[in-house]
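Okay, so here's the structure we're looking at.
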Amino acid sequence: MKTFEIFDKQDTRSGFGAGLLEAGKRNDQVVALCADLTGSLKMDAFEKEFPDRFFQVGIAEANMMGLAAGMTIGGKIPFTGTFANFSTGRVYDQIRQSIAYSGKNVKICASHAGLTLGEDGATHQILEDVGMMKMLPHMTVIHPCDFNQTKQATLAIAEHNGPVYLRFGRPKVPTFIRPDEPFVIGKAQMINEGTDVTLFANGHLVWQAILAGQALSEQGISAEIINIHTVKPLDEDAVVRSARKTGAVVVAEEHQLLGGLGGSIAECLAQHAPTPMEFVAVMDSFGESGTPEQLMDKYGLNAENIVRKALLALGRK
């Protein structure tokens, strides 16, 4: 198991803010819309640099999606910003009808996703958003793992033609992806090559998968760790190749089990390479108030549970 350098600890929403600012500098067609959460989404630097290309729509998320869809007709590349709960559940009809149906070039950027929203509680801790968005035709779904990768993803989607759902979060987490690491939409990222079990993960669970891989290594188990930052389109070649290599799979994500990354990988492997699988996800429940660390531990979204599930998968080979 190779070692990983932690450059610092930053929140992934700040990676989005940095990427949005850079995207705006590279392309004057990039515009930003926010639903009264400019500071929370780290969009304030873009607003300051490009005031004529920033639109504060207020607490009117459905209107924001309609405005963004209309802007694409004039060649603009709109980035919408609000919490993940309001970026999906509150505006699903507008996304489906005005953006996905006609393939509008809107970038739906969603912060404060998952249990790590913490003390805000179950009403804001959306755990269904990836499933909702990946089911929409034409929609690309991306969930990067740290500050640098979120910045890279933000720049990549600015170049991508078509609707995108970009998911990120609030807590500060280790930054371990190099700032110059290539980011390709739809291509999985090999974190650590292994031979005994594959750990697929995305978002905050990638670092937990690394910790789990280190713990497994101490038991003489070689874990292959792959970051599936793009849920849709899924890199099926990478998934099948690794599953055939190791013969056992664990999928870890900060999302409901139903409808998430695990389901996509299970569908892929059922068709192409049936493999013993275990899942680390929220098991059909809402969240609750607590610190991010408390909630991740209570709901089993941690390295210890990934290790436990890896041993179960290995036992089924």
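The numbers here are math on the coordinates, done by the rules we state, and not lab data. Remember, predicted model here, so these are calculated numbers, not experimental data. Cβ placement follows ideal geometry from the backbone for every residue including glycine, while neighbour counts extend to all protein chains displayed.
With +1 assigned to the C-beta of every Lys and Arg and -1 to the C-beta of every Asp and Glu, and no other charges, what is the dipole magnitude of the range 189-315 about the Cα centre in debye, to the nearest 20?
Details: 7 positive and 16 negative charges, 48 e Å.
That gives the range 189-315 a dipole magnitude of about 240 debye.
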*Under a straight-distance cross-link criterion of Cα-Cα below 27 Å, which lysines are reachable from K104, leaving out those fewer than 8 residues away in the same chain?*
K25, K42, K48, K76, K134, K151, K187, K232
*Specify the residue with the greatest mean-square fluctuation among Q56, Q271, Q152, computed from a Gaussian network of the chain linking alpha-carbon atoms under 10 Å apart.*
Q271
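All other residues with a Cβ under 11 Å from the Cβ of K172 taken together, and with Lys, Arg as +1 and Asp, Glu as -1, what is their net charge? Working shown, then result.
Values: positive: K9, R13, R170; negative: D8, D11, D146.
Local charge sum for K172: 0.
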*Under the Karplus relation 6.51 cos²θ - 1.76 cosθ + 1.60, θ = phi - 60°, what is the ordered set of whole-Hz ³J(HN,Hα) values for the range 181-189, x standing for Gly and Pro?*
5, x, 10, 10, 4, x, 10, 5, 10
*What's the local net charge at H204, with K and R +1, D and E -1, over the other residues with C-beta under 10 Å away?*
-3
*With θ set to phi - 60°, apply the Karplus curve 6.51 cos²θ - 1.76 cosθ + 1.60 along the range 162-171 and write out the HN-Hα couplings as whole Hz, x wherever there is a Gly or Pro.*
x, x, 9, 10, 10, 10, 8, x, 9, x
*Provide the percentage of antiparallel DSSP beta bridges, counting only those with both residues in the range 11-174; round to the nearest 5.*
5 percent
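Do you know the relative contact order of the range 11-174, to the nearest whole percent, from alpha carbon pairs under 8 angstrom that are 6+ apart? Spell out each step's value before the answer.
On the way: 340 pairs, mean separation 48.6, N = 164.
Averaging sequence separation for qualifying contacts and normalising by length gives 30 percent for the range 11-174.
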*By how many degrees, 0 to 90 and rounded to 10, does the Cα axis of helix 205-218 deviate from the longest principal axis of the chain?*
20 degrees
*What order do you get for S289, S242, S111 when you list them from fewest to most C-beta neighbours inside 10 Å?*
S289, S242, S111
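As an exercise, use a Förster radius of 41 Å and the Cβ-Cβ distance of E293 and K245 to find the FRET efficiency, rounded to the nearest 0.05.
Numbers: r = 33 Å, r/R0 = 0.81.
Plugging the Cβ-Cβ distance into 1/(1 + (r/R0)^6) gives 0.80.
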*Mind pulling the angle between the C-alpha long axis of helix 261-272 and the longest principal axis of the chain? Nearest 10 degrees, somewhere in 0 to 90.*
60 degrees
_For Cα pairs less than 8 Å apart in space and 6+ apart in sequence, what is the mean separation divided by the residue count of the chain, i.e. the relative contact order in percent?_
19 percent
